[in-house]
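Below you'll find the structure, written out as structure tokens, and then a few comments.
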Amino acid sequence: MVIIGESIHIISKVVSDAIKERNPKPIQELAIAQNRAGADYIDLNLGPVRRDPEETMQWLVNAVQEVVVLPLSLDTMNPIAMEAGLKICNKRPLLNSASGKTDSKEQMLPLAKKYSCDVVISVITDRGCPPGVDARVESIMETVALANEMGIPNEDIWVDPILLPVSASQAEVKETLEFVKILSDLLPGIKSTIGLSNISNGTPEALRGILNRTYMVMLGRYGQYSVIADALDKELISLKRGEMPNIVDLIYRTMDGEDIDLSSLSPKERDYVKTTKVLTGEILYSHAWLES
Amino acid sequence: MEYRAPIETYAGKVREVVIGKGSKAMKIGGESILPLHFFEGSIENPPRLVLEVYDMEPDDWAGAVLEPYKDVVSDPVKWAQKCLDFGADLVCLKLMSTDPGGENAPAEAVAALTKKVATTINTPLIVYGSGDETKDIEVLTKVAEVCAGENLLLGPAVKENYEPICKAALDYGHCLIAQTPIDINLEKELNIKLMKSFPPERIVIDPLSSALGYGIEYSFSIMERTKHIGIMFKDATMQMPIIADLGKESWKTKEAKASEKQGILWESIAALTFLLAGANILVLRHPETLKLIKEVITGKI
């Protein structure tokens, strides 16, 4: 599983202040920390960058490239900022992201071709996020076909099925899993990514990690190629590195519907089993899902 | 070959909650079929129809719904008796005088009144605080204490105040109404928290009941899903009976206030909707609504 570290995000006050003040230090610290923790890519999420898009993106890319050699995932919906960043990346970057929206098809996909980079394509269309597996498939087939026509091969495309929070849309969480399961049959050679932490948006802070980690393992079982995630979560990296085979086995068995005797498990194992049941939709989500 | 419609049987069952004491005790819920699926089995306890009583003269009731009670509105004991005379299965006393935004009546006074109502009528009593999260702690714990052993159905216990109210209900032997704001996940969460110290067979869920035209479909969905999850999917944290406190919401609407007939129909449609969704207790306001719903249930119309 390829981990794209999500910590450099404009929503973070530390990051937005640092960008505003052009103070590279806090951002470089975050980059170094994610690199050390085991991230494979560093995501630079700038949002829409309304002011000085070119200069801002290039400043950020340079600041990060000064301290880490990892490839970057450039995350902005502003095509001007995107191109400015793509131009100066030392390693083959990931364009994050294009989608089935008209603007994106017209402005982002050509950039991916021009700079011959990897590109995230999400299932979002002009009408928003398509609900359910079928609508997502329809959207992605269309956008990927267009990208292929433009000369972007499946191997360079990272499909993002769009993940919704389990606290708000439990049924969609299951649909997303189904989508990932069939993706490689639909589009051979294609890669995938997903905003993993979205799964736990709206969940009490202390409980977010286990949802993120469990869902990563579940996605991984169905061939998920990468996740945009909290690389500073040690247990998440541990799972990615295959250091917790026992937990992975429990998650798989729970996904298969095995009736596991909870009393035979450690508290941590129990939590993973309960969390898997919530993410498969077997048990109704509540903030207290670990307590019952 | 004769066709036989398939009949489902379910693994789950709604818990039977007993409210009231001694010969007055009444069973709520206990069904193991989906609402009105009588082809799948039978229900032991029919939905209970309740009329509402205020502990003060209501200042916000529509004239048409206050009219039937006009001779008793200043005396909650007589009012409660009148509700039973109208044919209600039991009575719901709302302690609206305690609202800090209104009369702000002290807990002691309403607790004594509650006791009087509870011991005078020969049915169990449902008691709601004013809905002020902070004041309700004081009011409901006092009511619980003064009415010890009456086995009231007491609430609402909400996320913000359930701990002391739950403790009082436990200490003094009452059942509890767990109220959440039309949200299935929060409903489950509150149940889980209550169940840590409170017996689940003494909990009734109030998912909030919106009025027709004002989001009734959301309340319907939550009740329907609660039944599905409890009965079909056997989730023990969701197997409580449901109370639909709908009279209040229905009569708040301008449509209900427009005329008596329309008001009764507005309330009745909401009541039928929640019956279809699986509500086990319906709290109504107008005696004509009660009559109409009874006739529908017993197949007279």
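Could you state, as a whole-number percent, how many of the C-alpha pairs of chain B are farther apart than 36 Å? Display every interim value, and only then the final one.
Numbers: 4957 of 45150 pairs.
Everything past 36 Å amounts to 11 percent.
Per 0.36 nm of contour for each residue apart, how much would the distance between A:K114 and A:E235 grow if the chain were fully extended, relative to their Cα-Cα spacing?
Going from the current span to full extension adds 39.7 nm.
At 7 Å along the Cα-to-beta-carbon direction for both A:E155 and A:D185, put a label point, then send me their distance in nm to one decimal.
2.5
Compute the separation of the alpha-carbon centres of region B:174-197 and region B:110-136 and state it in Å as a whole number.
Cα centroid of region B:174-197 versus Cα centroid of region B:110-136: 20 Å apart.
Lysines near A:K13 by alpha-carbon distance under 22 Å, same-chain residues fewer than 8 away left out - which ones?
Excluding near neighbours in sequence, the set is A:K25.
Run lengths n ≥ 4 of DSSP H only: what is the helix-derived mean residue ellipticity at 222 nm for chain A, with -39500 (n - 2.57) per run over all residues, to the nearest 500? Provide the component values of the computation, followed by the final result.
Working: 11 runs with 138 residues, N = 292.
Taken over chain A, the calculation gives -15000 deg cm²/dmol.
How high is the FRET efficiency between B:E163 and B:Y214 when r is their beta carbon distance and R₀ equals 51 Å, given to the nearest 0.05? Walk me through the numbers before you get to the answer.
Details: r = 31 Å, r/R0 = 0.61.
Result of the calculation: an efficiency of 0.95.
When DSSP beta bridges are limited to those with both residues in region A:2-232, what percentage is antiparallel, rounded to the nearest 5?
5
Can you compute the radius of gyration and Dmax for region B:129-204, using only the Cα atoms, both in Å?
11.2, 34
Could you give the alpha-carbon Rg of region B:1-108 over 2.2 N^0.38 Å, rounded to two decimals?
1.54
In a solvent-free Debye calculation with one equal scatterer on each Cα, what is log10 I(q)/I(0) for region B:111-242 at q = 0.15 Å⁻¹, listed in the order of the q values?
At q = 0.15 Å⁻¹ the computed log10 ratios are -0.70.
Any lysines with Cα under 23 Å of the A:K105 Cα? List them, leaving off those in the same chain fewer than 8 positions away.
A:K87, A:K113, A:K114, A:K191
Once every DSSP H run of n ≥ 4 in chain B is given -39500 (n - 2.57) and the sum is divided by its residues, what mean residue ellipticity at 222 nm do you get, rounded to the nearest 500 deg cm²/dmol?
Values: 11 runs with 117 residues, N = 301.
Mean residue ellipticity at 222 nm (helix-derived): -11500 deg cm²/dmol.
Cα-Cα over 23 Å: which of A:K277/B:K13; B:K116/B:K257; A:K240/B:K234; B:K188/B:K227; B:K21/B:K294?
Beyond 23 Å: B:K116/B:K257; A:K240/B:K234; B:K21/B:K294.
So the label point goes 7 Å from the Cα of A:S169 along Cα→C-beta, right? Which residues of region A:186-229 then have their backbone N under 13 Å from it?
Answer for region A:186-229: A:195, A:198-201.
So what's the net charge close to B:G173: Lys and Arg +1, Asp and Glu -1, counting the other residues with Cβ under 10 Å from its Cβ?
Working: positive: B:K21, B:R202; negative: B:E150, B:D171.
Overall, the nearby charge balance is 0.
If the cut-off is 18 Å between C-alpha atoms, which lysines fall inside it for B:K193, apart from same-chain ones fewer than 8 positions away?
A:K274, B:K159, B:K167
Can you list the equivalent-ellipsoid semi-axes of region A:2-232, largest first and in whole Å, using the square root of 5 times each Cα gyration tensor eigenvalue? All intermediate terms of the calculation are to be shown ahead of the outcome.
Values: eigenvalues 138, 96, 48 Å².
So the equivalent ellipsoid measures 26, 22, 15 Å along its semi-axes.
With each pseudo-label sitting 7 Å past Cα toward Cβ, what's the B:A5-A:E138 distance in nm, one decimal?
According to this spin-label approximation, the distance is 3.3 nm.
As an exercise, find the ratio Rg/Rh for the protein assembly as shown from alpha-carbon atoms, using the Kirkwood inverse-distance average for Rh. Provide the component values of the computation, followed by the final result.
Details: Rg = 29.3 Å, Rh = 27.3 Å.
Taking Rg over the Kirkwood Rh, I get 1.08.
Suppose each label sits 7 Å from its Cα in the direction of the beta carbon; what would the B:A25-B:S221 distance come out to in nanometres?
Reported label-point gap for B:A25 and B:S221 is 3.9 nm.
Work out how far the C-alpha atoms of region A:104-261 reach from end to end along every principal axis, then list the three figures in whole Å, largest first.
Cα extents, longest axis first: 52, 30, 30 Å.
Rule-based calculations on the coordinates, nothing more; no lab input. This is a predicted model, so every value here is computed, not measured. Reconstructed Cβ throughout: ideal geometry from the backbone, glycine too, with neighbour counts over all protein chains shown.
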